[in-house]
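Inspection log for the structure reproduced underneath, given as structure tokens.
The values are calculated or read from the model by the stated rules, or taken from the named source; none is laboratory data. Since this is a predicted model, take the numbers as computed values, not measurements. Neighbour counts are summed over all protein chains in view; Cβ atoms, including those assigned to glycine, are modelled from backbone coordinates with ideal geometry.
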Amino acid sequence: MEITWVTWTVTIIVIAALLAFDYIFHVRKAHTPTIREAAVWSAIYVGLALVFGLVFFALGDTAHAVEYYAGYLTEKALSVDNLFVFLVIMASFQVPRDYQQKVLLFGITFALITRTVFILIGAVAIEMWSDVFYLFGLFLILIAGQQLKGELTGDKEDDEADNIMVRMAKKFLPASDTYDGDKLFTVENGKKVLTPMFLVMVAIGATDILFAFDSIPAIYGLTQEPYIVFAATAFSLMGLRQLYFLIDGLLDRLVYLAYGLAAVLGFIGIKLILHALHENNLPFINDGENVPVAEVPTTTSLLVIVAILGITVVASLLSPKGRALRALQNAERYSHRYTVLPESASAEERSQAEQLMDRWTQEAEGVDQKWRDKLLDHKDKYSRIIRTAHEARLAAAAQRGDDAAVSRRIVEQDGPSV
């Protein structure tokens with residue numbers, strides 16, 4: 001299949017139309033998607049991505065089809081990792097649940113723009129200097145090592161919301177401490193000021209730029225066709241907003257995701273260096289001649305990536321650590337959500353919030369003490385959040401004449417088990 005400017009134009013129009021559709025029909029009116037809504041649209045976007053690859057097969061272009069699927073899987077895995085950081089940022093800024101969709105769509109759109117810029121820069125670099133693959137490969141291996149080191153030592157960056165761009169915005173621009181709906185600006189004391197919504201988008205945007213540094217070299221390790229790189233990147237980002245709400249709380253279960261991503265990035269880094277050696281032009285390596293080394297076929301790359309990610313997911317889901325972490329974090333998450341429920345919340349919404357809080361509090365109470373000691377590095381804060389939520393629940397239940405056995409037990413024992 002020949003990639004022409006018409007191919008590029010049609011693809012860009014389709015992606016732009018999908019983003020516009022997402023905003024107009026889902027994000028413009030603030031709401032929290034139901035599980036059913038998130039599941040249906042996640043399936044639709046994954047289906048579109050799979051159909052796109054089948055088009056190459058239908059046109060007899062098997063090579064590009066395999067490259068696309070390998071790139072899509074890699075980018076999708078990296079995008080899921082990005083959701084962890086988005087979650088931390090939105091929690092740090094206490095973004096109201098109904099407005100999180102808008103933040104996510106902005107993050108996805110900005111990520112697509114920044115990664116497109118990096119894709120074009122990468123294409124020019126490859127065209128001008130084929131030995132750039134040495135740099136790409138070494139960079140990915142370093143990133144993989146950094147991920148492993150952070151996971152093994154626990155020395156991971158956890159303050160993504162306080163990056164330099166946010167600090168500069170807070171320092172030099174007047175900002176409010178309270179949200180005004182989903183507005184980026186509001187008026188306080190007669191002056192126009194930034195809202196936290198503006199600052200959280202700055203944080204998300206800055207993070208997107210950092211993510212592009214490992215994302216684009218990784219996919220260029222699987223294909224050197226810029227169009228395939230763009231298509232795989234774009235389709236991997238589409239549906240990420242729905243996926244966020246669909247697997248909310250399940251992200252915590254993927255405790256070995258960092259190991260899996262490190263393995264994928266390390267594998268692609270080695271593949272890039274092998275390719276660079278095969279096409280070598282550097283005079284200080286083999287006198288500038290090609291080095292006769294075996295290259296990894298794209299089909300093999302696809303199978304390796306699928307195997308690594310599959311093992312990562314299965315191992316995470318079967319892990320006692322993953323189950324314990326999910327219970328503890330969900331107990332804290334749903335307790336916090338209960339305390340920030342607006343007074344306008346319906347009886348159904350309040351009842352659902354109470355059920356989720358009770359369920360995960362009970363799950364957390366059943367976690368073995370060794371996992372509490374390993375996973376709870378903020379026991380005082382954890383205890384305070386859950387105790388405060390159940391005190392409020394107990395007071396509300398008393399007014400309604402309801403029984404709140406879980407809340408009563410938590411309050412009577414002066415907080416959850418830590």
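Let me confirm something: among 199, 222, 140, which residue is touching a helix residue (DSSP H, G or I) at 6+ places or on another chain (Cβ under 7 Å), closer than 18 Å to residue 92 by Cβ and modelled with pLDDT of 85 or more?
Result of the check over 199, 222, 140: 199.
Is it true that residue 396 is assigned to a helix (DSSP H, G or I) and of a type outside the set (Phe, Trp, Tyr)?
Values: assigned to a helix (DSSP H, G or I): yes; of a type outside the set (Phe, Trp, Tyr): yes.
Judged against the criteria, residue 396 is a match.
So how many residues does region 319-341 have that are within 17 Å of residue 394 (Cα to Cα) and either hydrophobic (A, V, I, L, M, F, W, C) or surrounded by fewer than 21 Cβ atoms within 10 Å (Cβ to Cβ) (or both)?
6
Report, by residue number, each residue of region 374-399 that is closer than 20 Å to residue 343 by Cα, surrounded by 11 or more Cβ atoms within 10 Å (Cβ to Cβ) and out of contact with any Gly (no Cβ under 7 Å at 6 or more places or on another chain).
385, 388, 389, 390, 391, 392, 393, 394, 395, 396, 397, 398, listed by residue number.
Is there a residue being modelled with pLDDT of 85 or more, crowded, with 18+ Cβ neighbours inside 10 Å, β-branched (Val, Ile, Thr) and assigned by TED's automatic domain parsing to the domain that holds residue 29 anywhere in region 185-192?
Scanning region 185-192, I find no residue that is modelled with pLDDT of 85 or more, crowded, with 18+ Cβ neighbours inside 10 Å, β-branched (Val, Ile, Thr) and assigned by TED's automatic domain parsing to the domain that holds residue 29, so the answer is no.
Of the residues that sit in region 1-26 and are touching a residue at least 12 places away in the same chain (Cβ under 8 Å) and outside any helix (DSSP H, G or I), which one is nearest to residue 111 (Cα to Cα)?
3
Out of all the residues in region 83-91, is one or more touching a residue at least 60 places away in the same chain (Cβ under 8 Å) and not in a helix (DSSP H, G or I)?
No, region 83-91 contains no residue that is touching a residue at least 60 places away in the same chain (Cβ under 8 Å) and not in a helix (DSSP H, G or I).
For the condition out of contact with any Asp or Glu (no Cβ under 7 Å at 6 or more places or on another chain) and not basic (Lys, Arg), what is the one hit in 315, 276? Don't jump to the end; show me each part of the working.
Numbers: 276 fails: out of contact with any Asp or Glu (no Cβ under 7 Å at 6 or more places or on another chain).
When all the criteria are applied, what remains is 315.
Out of curiosity, is residue 328 outside the structural domain of residue 88 (by TED's automatic domain parsing) and either out of contact with any Gly (no Cβ under 7 Å at 6 or more places or on another chain) or more than 22 Å from residue 50 (Cβ to Cβ) (or both)?
On the way: outside the structural domain of residue 88 (by TED's automatic domain parsing): yes; either out of contact with any Gly (no Cβ under 7 Å at 6 or more places or on another chain) or more than 22 Å from residue 50 (Cβ to Cβ) (or both): yes.
For residue 328, the condition - outside the structural domain of residue 88 (by TED's automatic domain parsing) and either out of contact with any Gly (no Cβ under 7 Å at 6 or more places or on another chain) or more than 22 Å from residue 50 (Cβ to Cβ) (or both) - is met.
State the number of residues belonging to region 288-309 that are part of a helix (DSSP H, G or I), surrounded by fewer than 15 Cβ atoms within 10 Å (Cβ to Cβ) and modelled with pLDDT of 85 or more.
Kept after step one, since they are part of a helix (DSSP H, G or I), are these residues of region 288-309: 288, 298-309.
Next cut, surrounded by fewer than 15 Cβ atoms within 10 Å (Cβ to Cβ) only: 288, 299-300, 303, 306-307.
Then keep just the ones that are modelled with pLDDT of 85 or more; that gives 299-300, 303, 306-307.
Qualifying residue count for the region: 5.
What number goes with the only condition from (1) outside any helix (DSSP H, G or I); (2) at negative phi that residue 361 does not pass?
Every listed condition holds for residue 361 apart from (1).
So how many residues does region 58-82 have that are part of a helix (DSSP H, G or I), in contact (Cβ under 8 Å) with a residue 24 or more places away in the chain and small (Gly, Ala, Ser)? Give the derivation first.
Restricting attention to region 58-82, the residues satisfying the condition of being part of a helix (DSSP H, G or I) are 58, 62-82.
Checking the rest, the ones that are also in contact (Cβ under 8 Å) with a residue 24 or more places away in the chain come to 63-64, 66-82.
Going one step further and asking which of them are small (Gly, Ala, Ser), we end up with 63, 70-71, 77, 79.
Looking only at that region, the number is 5.
Criterion first (in the same structural domain as residue 209 (by TED's automatic domain parsing) and surrounded by fewer than 15 Cβ atoms within 10 Å (Cβ to Cβ)) does residue 109 satisfy it?
Details: in the same structural domain as residue 209 (by TED's automatic domain parsing): yes; surrounded by fewer than 15 Cβ atoms within 10 Å (Cβ to Cβ): no.
No.
For residue 312, are the conditions met, namely being buried (at least 20 other Cβ atoms within 10 Å of the Cβ), under 30 Å from residue 376 (Cβ atoms), at pLDDT 85 or above and not basic (Lys, Arg)?
Working: buried (at least 20 other Cβ atoms within 10 Å of the Cβ): yes; under 30 Å from residue 376 (Cβ atoms): yes; at pLDDT 85 or above: yes; not basic (Lys, Arg): yes.
The answer is yes for residue 312.
Which of the residues that make up region 40-63 are surrounded by fewer than 16 Cβ atoms within 10 Å (Cβ to Cβ) and within 18 Å of the chain's Cα centre (by Cα)?
Matches in region 40-63: 43 only.
Could you please find all residues in region 67-96 being among the charged types (D, E, K, R) and more than 17 Å from the chain's Cα centre (by Cα)?
Scanning region 67-96 gives a single hit, 67.
When you scan region 27-41, do you find a residue that is of a type in the set (Gly, Ala, Ser) and part of a helix (DSSP H, G or I), even just one? Quick ask: steps written out before the conclusion?
If we filter region 27-41 for residues that are of a type in the set (Gly, Ala, Ser), which is where we start, we get 30, 38-39.
Remaining after also requiring part of a helix (DSSP H, G or I): 38-39.
Yes: region 27-41 contains one or more residues that are of a type in the set (Gly, Ala, Ser) and part of a helix (DSSP H, G or I).
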